[in-house]
Amino acid sequence: MTRHDLPSSEITPESAYLDRRRFIAAAGLAGAGLLAAGSLARGAFASGPTPQQKSLGTPYGLQPGDDPTAEEDVTSYNNFYEFGTGKGDPVENAQGFVTKPWTVKVEGLVKKPGNYQLEDFLKPSKVEDRIYRMRCVEAWSMVIPWRGIMLADVLKRAEPTAGAKFVEFTTLMDPKRMPGQRYPALDWPYNEGLRLDEAMHPLTLLATGVYGKELPPQNGAPLRLVVPWKYGFKGIKSIVRIRLTEKMPSTSWSIANPGEYGFYANVNPQVDHPRWSQATEQRIGRFRRIPTLMFNGYADQVGSLYSGMDLRRNY
Ligand code: MTE
């Protein structure tokens, strides 16, 4: 996404870029990883999750054919504007981004606010591995084995007060360490939000790892949000602050372009982006486009959160 115009044509050159890279990789030793991903594909859902899928995490809401996207694609094709606006920029420019020590502040409408070292923030929670479908607003998608904790666990511990209705998340602001913040690509620091019931939903994770390892910087180290039924831009990276509020928080993308990026950002094949269709998606690593599912395939789990809401108006 660029701030004002992301041509839908961008999707083609970028999948071509990945194909070219894959061709180069397959020609050499790096092809081994891709072959492993292919064997995951063959076994998927013939008789439940494959041993490889199980070892990566319990499948949540996966559909037939949802094989984990190759790790090398997950960690090299990224949106993280603090490290550049190109998909290949974060993996290059975020190398060496120091995430230790890291503090996380929990504040606002809670009985127990706190300013935690990351280790202390994480310690009381159960760490889980979960494979999720992920859908970017730009109409590409991946299947990602995340590792993380339930956001609900953190919020319950902070004890939201009766007035708390929303949760606001903020990324680190440090233009020295995040060179993209020296340019006005977005309203920095990156800001996102969820309604409190969305934040408390058991599918909503704070991720600390991917593919069984610590998050690499380009994927949002050391702590990022994962909300699998929403477009990827809700998944704010490198979080330093979680604030409970009464009012709906403003978010970086809706400030940049309110007509195109709403607060809810629920994956919805029936509501197109003003400049491209959301009916289908390009699964990274697969040849054919596939249909996009309502709430990204998580309708059974999350549909009730939006009953009675006009999802065209609340996009
Ligand atoms: N978080 C911050 N701080 N800055 C960003 O530019 N990009 C978002 C989201 N989180 C972004 C961010 C977008 S548009 C997407 S699609 C996802 O991160 C991509 O996550 P991934 O690189 O792990 O796939």
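Among residues of segment 271-282 that are acidic (Asp, Glu), those with a beta-carbon under 9 Å from a residue that is open to solvent by 50 Å² or more (accessible area, probe 1.4 Å) at least six positions away or on a different chain give the pairs Glu281/Arg289; Glu281/Pro291. Taking the condition open to solvent by 50 Å² or more (accessible area, probe 1.4 Å) and not basic (Lys, Arg), does Ile255 pass? When the stated conditions are applied, Ile255 passes them.
Of all residues in segment 167-188, exactly one satisfies the criterion of being touching a Gly at 6+ places or on another chain (Cβ under 8 Å) and either modelled with pLDDT under 95 or of a type in the set (Val, Ile, Thr) (or both), namely Val167. Across segment 284-296, the number of residues qualifying as farther than 12 Å from Asn266 by Cβ and either crowded, with 18+ Cβ neighbours inside 10 Å or within 15 Å of the chain's Cα centre (by Cα) (or both) comes to 2. Give the residue that is least open to solvent (accessible area, probe 1.4 Å), with candidates limited to residues of segment 90-120 that are assigned to a helix (DSSP H, G or I) and touching a residue at least 60 places away in the same chain (Cβ under 8 Å). Ranking the candidates gives Pro90 first.
Just one of Pro189, Pro179, Pro145, Pro228 is surrounded by fewer than 22 Cβ atoms within 10 Å (Cβ to Cβ) and either more than 10 Å from the ligand (Cβ to nearest atom) or within 28 Å of Leu56 (Cα to Cα) (or both); which is it?
Working: Pro189 fails: either more than 10 Å from the ligand (Cβ to nearest atom) or within 28 Å of Leu56 (Cα to Cα) (or both); Pro145 fails: surrounded by fewer than 22 Cβ atoms within 10 Å (Cβ to Cβ); Pro228 fails: surrounded by fewer than 22 Cβ atoms within 10 Å (Cβ to Cβ).
Only one candidate qualifies: Pro179.
Looking across segment 69-89, the residues that are assigned to a loop (DSSP other than H, G, I, E, B), buried (at least 19 other Cβ atoms within 10 Å of the Cβ), more than 9 Å from the ligand (Cβ to nearest atom) and on the phi < 0 side of the Ramachandran plot come down to Thr69, Ala70. For segment 33-68, the set of residues classified as modelled with pLDDT of 70 or more, assigned to a helix (DSSP H, G or I) and charged (D, E, K, R) consists of Lys54 only. Picking from residues in segment 178-224 that are of a type in the set (S, T, N, Q) and not in a helix (DSSP H, G or I), the one that is farthest from Phe80 (Cα to Cα) is Thr204.
Counting residues in segment 237-246 that are among the small types (Gly, Ala, Ser), at pLDDT 95 or above and surrounded by fewer than 19 Cβ atoms within 10 Å (Cβ to Cβ) gives zero.
I need the full set of residues from segment 149-173 which are within 12 Å of the ligand (Cβ to nearest atom) and not aromatic (Phe, Trp, Tyr), in order please.
Our first condition is that a residue be within 12 Å of the ligand (Cβ to nearest atom); within segment 149-173, this holds for 169-173.
Within segment 149-173, Thr170, Thr171, Leu172, Met173 meet the criteria.
So for segment 228-249 (the condition being in a helix (DSSP H, G or I), closer than 15 Å to Trp146 by Cβ and not charged (D, E, K, R)), does at least one residue qualify? Among the residues of segment 228-249, at least one is in a helix (DSSP H, G or I), closer than 15 Å to Trp146 by Cβ and not charged (D, E, K, R), which makes the answer yes.
The values are calculated or read from the model by the stated rules, or taken from the named source; none is laboratory data. Being a predicted model, the structure only gives us computed values, none of them experimental. Note: ideal-geometry Cβ built from the backbone for every residue, glycine included; neighbour counts use all protein chains shown. Just so you know, the surface numbers come from the protein's heavy atoms only, side chains and all, with ligands and any DNA or RNA stripped out. Shrake-Rupley method; radii C 1.70, N 1.55, O 1.52, S 1.80 Å.
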